[in-house]
1. Can you tell me how many residues in region 72-97 are under 22 Å from residue 163 (Cβ atoms) and either crowded, with 19+ Cβ neighbours inside 10 Å or without any contact (Cβ under 8 Å) to a residue 60 or more places away in the chain (or both)?
2. In region 1-13, what residues are under 18 Å from residue 51 (Cβ atoms) and outside any loop (DSSP other than H, G, I, E, B)?
3. Considering only residues that are of a type outside the set (A, V, I, L, M), part of a loop (DSSP other than H, G, I, E, B) and either touching a helix residue (DSSP H, G or I) at 6+ places or on another chain (Cβ under 6 Å) or closer than 17 Å to residue 151 by Cα (or both), which ones fall in region 80-106?
4. Tell me, yes or no, whether region 199-209 has at least one residue that is in a loop (DSSP other than H, G, I, E, B), more than 29 Å from residue 73 (Cβ to Cβ), modelled with pLDDT under 75 and not basic (Lys, Arg).
5. In region 14-54, what count of residues is obtained for those that are among the aliphatic types (A, V, I, L, M), buried (at least 16 other Cβ atoms within 10 Å of the Cβ) and in a helix (DSSP H, G or I)?
6. Kindly evaluate residue 57 against the criterion of being closer than 22 Å to residue 109 by Cβ and either of a type in the set (Val, Ile, Thr) or surrounded by 21 or more Cβ atoms within 10 Å (Cβ to Cβ) (or both).
7. Write out, first by first residue and then by second, each pair whose Cβ atoms fall under 9 Å of each other, whose residues are 6+ apart or on separate chains, and whose first residue, in region 18-39, is on the phi > 0 side of the Ramachandran plot while the second is surrounded by fewer than 21 Cβ atoms within 10 Å (Cβ to Cβ).
8. Could you grab me the full set of residues in region 124-171 that are surrounded by 16 or more Cβ atoms within 10 Å (Cβ to Cβ) and either free of Cβ contacts under 8 Å to residues at least 24 places away in the same chain or among the polar types (S, T, N, Q) (or both)?
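The values are calculated or read from the model by the stated rules, or taken from the named source; none is laboratory data. Everything numeric in this text was worked out from a predicted model, so none of it was measured. Backbone-built Cβ (ideal geometry, glycine too); neighbour counts: all protein chains shown.
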Amino acid sequence: MVPALNEAESIRAVVEGARSVLAAPVVVVDDGSTDATSDLARAAGATVLPLPFNLGVGGAIRTGIHYAVDHGYRCVVQLDGDGQHEPSEAKRLLEALEHEQADMVVGSRFAAGYAVSWHRRVAMRWLSWLVSRRLGTRLTDTTSGFRAMGPRALDLFARDYPLDYLSDTVEALLIAADAGLRVVEVDVVMHNRQGGRPSANRLSSAFHLTRLLLVIFLHSLRRRSGPA
(Lines give C-alpha, C1' and ligand atoms only; values in the text may rest on other atoms or scores of the structure.)
Protein backbone atom coordinates (compact mmCIF):
# COMPACT_ATOMS: atom_id res chain seq x y z
CA MET A 1 0.00 0.00 0.00
CA VAL A 2 1.50 3.30 -1.13
CA PRO A 3 -0.20 6.58 -0.20
CA ALA A 4 1.08 9.20 -2.64
CA LEU A 5 0.67 12.90 -3.34
CA ASN A 6 2.52 14.38 -6.34
CA GLU A 7 5.24 11.72 -6.36
CA ALA A 8 5.75 11.52 -10.13
CA GLU A 9 9.54 11.68 -9.72
CA SER A 10 9.76 8.51 -7.64
CA ILE A 11 6.52 6.49 -7.81
CA ARG A 12 7.49 4.31 -10.77
CA ALA A 13 10.66 3.10 -9.05
CA VAL A 14 8.75 2.48 -5.80
CA VAL A 15 6.11 0.35 -7.53
CA GLU A 16 8.58 -1.60 -9.65
CA GLY A 17 10.82 -2.26 -6.64
CA ALA A 18 7.93 -3.44 -4.49
CA ARG A 19 6.56 -5.74 -7.19
CA SER A 20 9.98 -7.22 -7.88
CA VAL A 21 11.19 -7.74 -4.32
CA LEU A 22 7.94 -8.49 -2.50
CA ALA A 23 6.20 -10.36 -5.34
CA ALA A 24 2.94 -8.89 -4.10
CA PRO A 25 0.17 -6.72 -5.54
CA VAL A 26 0.86 -2.99 -5.12
CA VAL A 27 -1.96 -0.52 -4.49
CA VAL A 28 -1.19 3.18 -4.87
CA VAL A 29 -3.69 5.55 -3.26
CA ASP A 30 -3.33 8.80 -5.19
CA ASP A 31 -4.33 11.49 -2.72
CA GLY A 32 -5.48 14.12 -5.21
CA SER A 33 -2.20 14.51 -7.12
CA THR A 34 -1.98 17.19 -9.79
CA ASP A 35 0.94 15.54 -11.60
CA ALA A 36 1.33 12.19 -13.39
CA THR A 37 1.52 10.06 -10.21
CA SER A 38 -1.50 7.90 -11.13
CA ASP A 39 -0.45 7.33 -14.75
CA LEU A 40 3.11 6.38 -13.83
CA ALA A 41 2.02 4.08 -11.01
CA ARG A 42 -0.46 2.34 -13.29
CA ALA A 43 2.17 1.97 -16.02
CA ALA A 44 4.50 0.34 -13.48
CA GLY A 45 1.87 -2.30 -12.66
CA ALA A 46 0.10 -0.90 -9.62
CA THR A 47 -3.61 -0.82 -8.93
CA VAL A 48 -4.39 2.88 -8.50
CA LEU A 49 -7.11 4.25 -6.25
CA PRO A 50 -7.43 7.92 -7.24
CA LEU A 51 -9.07 10.16 -4.65
CA PRO A 52 -11.08 13.06 -6.12
CA PHE A 53 -9.30 15.58 -3.89
CA ASN A 54 -6.61 15.66 -1.21
CA LEU A 55 -7.78 13.94 1.99
CA GLY A 56 -4.40 13.85 3.72
CA VAL A 57 -2.22 10.84 4.38
CA GLY A 58 -4.59 9.38 6.98
CA GLY A 59 -7.48 9.43 4.53
CA ALA A 60 -5.31 7.80 1.87
CA ILE A 61 -4.22 5.06 4.28
CA ARG A 62 -7.80 4.45 5.41
CA THR A 63 -8.81 4.05 1.75
CA GLY A 64 -6.02 1.53 1.21
CA ILE A 65 -6.95 -0.44 4.33
CA HIS A 66 -10.61 -0.61 3.25
CA TYR A 67 -9.46 -1.89 -0.14
CA ALA A 68 -7.30 -4.56 1.51
CA VAL A 69 -10.07 -5.78 3.81
CA ASP A 70 -12.70 -5.73 1.06
CA HIS A 71 -10.44 -7.81 -1.19
CA GLY A 72 -9.52 -10.36 1.47
CA TYR A 73 -5.89 -9.40 2.13
CA ARG A 74 -4.78 -10.31 5.66
CA CYS A 75 -1.53 -8.38 5.82
CA VAL A 76 -0.36 -5.08 4.35
CA VAL A 77 2.97 -3.29 4.29
CA GLN A 78 2.93 0.47 3.84
CA LEU A 79 5.59 2.17 1.70
CA ASP A 80 5.97 5.88 1.12
CA GLY A 81 5.75 7.04 -2.47
CA ASP A 82 8.90 9.17 -2.20
CA GLY A 83 11.37 6.28 -2.25
CA GLN A 84 12.46 6.46 1.40
CA HIS A 85 11.50 2.86 2.12
CA GLU A 86 13.42 -0.12 0.75
CA PRO A 87 11.27 -3.09 -0.39
CA SER A 88 13.95 -5.45 0.95
CA GLU A 89 13.45 -3.91 4.39
CA ALA A 90 9.68 -4.24 3.95
CA LYS A 91 10.20 -8.00 3.75
CA ARG A 92 11.72 -7.88 7.22
CA LEU A 93 8.65 -6.09 8.57
CA LEU A 94 6.38 -8.76 7.10
CA GLU A 95 8.59 -11.52 8.52
CA ALA A 96 8.37 -9.92 11.97
CA LEU A 97 4.57 -10.03 11.80
CA GLU A 98 4.84 -13.81 11.71
CA HIS A 99 7.95 -14.54 13.77
CA GLU A 100 7.13 -12.06 16.56
CA GLN A 101 3.43 -12.95 16.50
CA ALA A 102 2.77 -9.23 16.17
CA ASP A 103 -0.28 -7.36 14.94
CA MET A 104 1.72 -4.37 13.75
CA VAL A 105 5.42 -3.83 13.01
CA VAL A 106 7.02 -0.39 12.87
CA GLY A 107 10.25 0.25 10.99
CA SER A 108 12.64 2.47 12.97
CA ARG A 109 15.13 4.57 11.00
CA PHE A 110 17.44 5.69 13.80
CA ALA A 111 19.67 2.68 14.53
CA ALA A 112 21.02 2.97 10.98
CA GLY A 113 21.97 6.61 11.54
CA TYR A 114 19.13 8.44 9.79
CA ALA A 115 19.67 12.15 10.49
CA VAL A 116 16.97 14.65 11.47
CA SER A 117 17.19 18.18 12.88
CA TRP A 118 17.75 18.43 16.64
CA HIS A 119 14.35 20.01 17.40
CA ARG A 120 12.55 17.35 15.38
CA ARG A 121 14.57 14.62 17.10
CA VAL A 122 13.62 15.99 20.55
CA ALA A 123 9.93 16.01 19.63
CA MET A 124 10.15 12.49 18.19
CA ARG A 125 11.91 11.14 21.28
CA TRP A 126 9.26 12.64 23.56
CA LEU A 127 6.44 11.21 21.47
CA SER A 128 8.16 7.82 21.48
CA TRP A 129 8.45 7.91 25.27
CA LEU A 130 4.76 8.71 25.68
CA VAL A 131 3.57 6.03 23.27
CA SER A 132 6.00 3.40 24.58
CA ARG A 133 4.50 3.81 28.05
CA ARG A 134 1.03 3.16 26.66
CA LEU A 135 2.07 0.14 24.59
CA GLY A 136 4.24 -1.37 27.29
CA THR A 137 7.06 -1.85 24.78
CA ARG A 138 9.89 0.42 23.71
CA LEU A 139 9.48 2.22 20.40
CA THR A 140 12.02 4.73 19.10
CA ASP A 141 10.29 5.92 15.91
CA THR A 142 6.58 6.44 16.50
CA THR A 143 6.24 8.82 13.54
CA SER A 144 7.51 6.22 11.08
CA GLY A 145 5.17 5.54 8.17
CA PHE A 146 7.06 2.33 7.33
CA ARG A 147 4.76 -0.28 8.85
CA ALA A 148 3.28 -3.71 8.37
CA MET A 149 -0.17 -4.66 9.63
CA GLY A 150 -1.69 -8.07 10.23
CA PRO A 151 -5.34 -9.19 10.31
CA ARG A 152 -6.28 -7.74 13.69
CA ALA A 153 -4.74 -4.37 12.88
CA LEU A 154 -6.46 -4.22 9.49
CA ASP A 155 -9.84 -5.07 11.01
CA LEU A 156 -9.36 -2.42 13.70
CA PHE A 157 -8.12 0.34 11.39
CA ALA A 158 -10.84 -0.34 8.81
CA ARG A 159 -13.25 0.82 11.56
CA ASP A 160 -11.13 3.48 13.25
CA TYR A 161 -8.18 5.26 11.67
CA PRO A 162 -7.11 8.87 12.36
CA LEU A 163 -7.01 11.21 9.39
CA ASP A 164 -4.70 14.04 10.42
CA TYR A 165 -0.98 14.33 9.72
CA LEU A 166 1.08 12.80 12.59
CA SER A 167 -2.09 11.26 14.00
CA ASP A 168 -1.89 8.73 11.16
CA THR A 169 1.25 7.38 12.82
CA VAL A 170 1.28 8.30 16.53
CA GLU A 171 -2.44 8.30 17.32
CA ALA A 172 -2.85 5.07 15.36
CA LEU A 173 -0.43 3.45 17.82
CA LEU A 174 -2.54 4.65 20.76
CA ILE A 175 -5.63 3.15 19.14
CA ALA A 176 -3.71 -0.11 18.69
CA ALA A 177 -2.70 -0.04 22.37
CA ASP A 178 -6.31 0.49 23.49
CA ALA A 179 -7.37 -2.52 21.42
CA GLY A 180 -4.67 -4.71 22.98
CA LEU A 181 -2.72 -5.18 19.77
CA ARG A 182 0.87 -6.36 19.92
CA VAL A 183 3.18 -3.80 18.32
CA VAL A 184 6.89 -4.39 17.78
CA GLU A 185 9.68 -2.38 16.18
CA VAL A 186 12.36 -3.44 13.69
CA ASP A 187 15.45 -1.40 12.85
CA VAL A 188 15.53 -0.56 9.14
CA VAL A 189 17.54 1.45 6.66
CA MET A 190 15.69 4.45 5.23
CA HIS A 191 16.75 6.87 2.53
CA ASN A 192 16.16 10.56 2.15
CA ARG A 193 13.27 11.56 -0.07
CA GLN A 194 14.11 10.60 -3.66
CA GLY A 195 12.05 13.32 -5.32
CA GLY A 196 9.17 15.76 -4.92
CA ARG A 197 8.43 17.81 -1.83
CA PRO A 198 7.09 16.94 1.64
CA SER A 199 3.35 17.58 1.99
CA ALA A 200 3.85 19.41 5.33
CA ASN A 201 6.05 22.47 5.80
CA ARG A 202 7.57 23.60 9.10
CA LEU A 203 4.58 25.76 10.10
CA SER A 204 1.96 23.13 9.38
CA SER A 205 4.12 20.48 11.11
CA ALA A 206 4.19 22.64 14.25
CA PHE A 207 0.41 23.02 14.09
CA HIS A 208 -0.13 19.27 13.72
CA LEU A 209 2.31 18.52 16.52
CA THR A 210 0.44 20.88 18.86
CA ARG A 211 -2.85 19.26 17.86
CA LEU A 212 -1.38 15.80 18.41
CA LEU A 213 -0.22 16.68 21.93
CA LEU A 214 -3.76 17.80 22.73
CA VAL A 215 -5.10 14.54 21.32
CA ILE A 216 -2.69 12.54 23.49
CA PHE A 217 -3.68 14.54 26.58
CA LEU A 218 -7.40 14.03 25.93
CA HIS A 219 -6.81 10.39 25.13
CA SER A 220 -5.13 9.94 28.52
CA LEU A 221 -8.01 11.67 30.34
CA ARG A 222 -10.57 9.52 28.53
CA ARG A 223 -8.77 6.35 29.56
CA ARG A 224 -8.61 7.40 33.20
CA SER A 225 -12.28 8.31 33.35
CA GLY A 226 -13.32 5.02 31.75
CA PRO A 227 -16.38 4.41 29.60
CA ALA A 228 -19.29 6.82 29.98
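1. Of the residues in that region, 9 qualify.
2. 2, 3, 4, 11
3. 81, 83, 100, 101, 103
4. Yes, region 199-209 contains a residue that is in a loop (DSSP other than H, G, I, E, B), more than 29 Å from residue 73 (Cβ to Cβ), modelled with pLDDT under 75 and not basic (Lys, Arg).
5. So the count comes out to 6.
6. Yes, satisfied.
7. Short answer, once both residue conditions are applied: 32/50; 32/51; 32/52; 32/53; 32/54; 32/55.
8. 124, 128, 132, 140, 142, 143, 144, 167, 169, listed by residue number.
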